[in-house]
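Please read the structure below before turning to the comments.
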Amino acid sequence: MATYSRRRNDDEAGEPVEGQGAPPDPRDDVDPLQLPEEEQLVYDLSAWPIDVHAEVAEAMAEAGIGHSWIGTDLVVHDRHEDTADALLAAIERRHGLDGDVPVEREAGSEVEYDLSEWDSPSRAMLTGRLIEADVPFRWEGGLLVATAADEGRVDAVLDAVDEELVAGGGMPPSEEEPGESPLSALFVAVDDLAGHPNDRDTILRLNELFEQSEAGPVPFGVSPSSWEQILDQVSDLLDLSLDAEDPADVKAEALEVREVLRPLV
């Protein structure tokens, strides 16, 4: 079954609760990302092929369940938990995703964009635009990976970001001076850790950025107390990434820190 990170405290075991499907509700018209955190339910679908995500989106729409994507994480209102669990379980069985053997991606089902020359602020901007466009994606180092079915949408987002950079008088992403935005750099590093919670190089990179940020000035527009709290959260995330036995715990914490950073980049 797809794993998920609960943002409420009433079910410490994180087990689905049996019940009937929820009736229509005005809250269904609200973007799940705009709901209070205690009402959000986040499913981690990073282990599923991205082309299956399109089927997930279709199933949610047909069931009348409002949903959004944060990379490969599906976000729904927690009142739809029973229905969402059932839909995801059916898709999981249909595609043989409920085993322990890693799923092989079908050839041609995904597209990759080599953005290794893009700097952290540009990647953070692109990440934000893809989230706004509700396009499932994941980062594999400097590679942006999306489903082939979404190639046109990703191309459009990339073109829009490029135009925005040019219109703003900025240099091409590969020529930006490094270290200009510690918030953007931290956002991208935390996002990478959420996708690769047990990758040593990713942890070391985040630690390096944390040390640079801790020694540097408070970013413009952020209060000293808020910046201190952010750095404390990143520090706790680093400690967890080194000590946790379950990578899922690191991923869940990284997602929380990413949500704190996202509005600031």
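Name the one entry in SER181, SER235 that is among the hydroxyl-bearing types (Ser, Thr, Tyr) and at pLDDT 85 or above.
Just one listed residue meets the conditions, SER235.
Would you confirm whether any residue within segment 195-216 is among the small types (Gly, Ala, Ser) and closer than 20 Å to LEU115 by Cα?
Yes, the conditions are met somewhere in segment 195-216.
From the list ALA189, ALA215, which one is modelled with pLDDT of 80 or more and either closer than 20 Å to ARG123 by Cβ or in contact with a Lys or Arg (Cβ under 7 Å, 6 or more places away or on another chain) (or both)?
Result of the check over ALA189, ALA215: ALA189.
Of the residues ALA84, ALA59, ALA63, which single one is crowded, with 20+ Cβ neighbours inside 10 Å, farther than 30 Å from LEU165 by Cβ, at pLDDT 85 or above and not assigned by TED's automatic domain parsing to the domain that holds GLY195?
Details: ALA59 fails: crowded, with 20+ Cβ neighbours inside 10 Å; ALA63 fails: crowded, with 20+ Cβ neighbours inside 10 Å.
Every option except ALA84 fails the conditions.
Would you confirm whether any residue within segment 241-254 is of a type in the set (Val, Ile, Thr), in a helix (DSSP H, G or I) and within 23 Å of MET125 (Cβ to Cβ)? Spell out how you get there, then give the answer.
Within segment 241-254, the subset of a type in the set (Val, Ile, Thr) is 250.
Remaining after also requiring in a helix (DSSP H, G or I): 250.
Filter once more, keeping what is within 23 Å of MET125 (Cβ to Cβ): none.
No, every residue in segment 241-254 fails to be of a type in the set (Val, Ile, Thr), in a helix (DSSP H, G or I) and within 23 Å of MET125 (Cβ to Cβ).
Being out of contact with any Pro (no Cβ under 6 Å at 6 or more places or on another chain) and crowded, with 17+ Cβ neighbours inside 10 Å narrows it down to one residue among LEU242, LEU209, LEU231; which is it?
Exactly one residue qualifies, and that residue is LEU209.
Could you please find all residues in segment 41-68 being more than 19 Å from the chain's Cα centre (by Cα) and assigned to a loop (DSSP other than H, G, I, E, B)?
Once the filter is applied, which keeps residues that are more than 19 Å from the chain's Cα centre (by Cα) and assigned to a loop (DSSP other than H, G, I, E, B), segment 41-68 yields ALA63, GLY64, ILE65.
The values are calculated or read from the model by the stated rules, or taken from the named source; none is laboratory data. Small disclaimer: the values here were computed from a predicted structure and weren't measured. Positions of Cβ are backbone-derived with ideal geometry, glycine not excepted, and every protein chain shown enters the neighbour counts.
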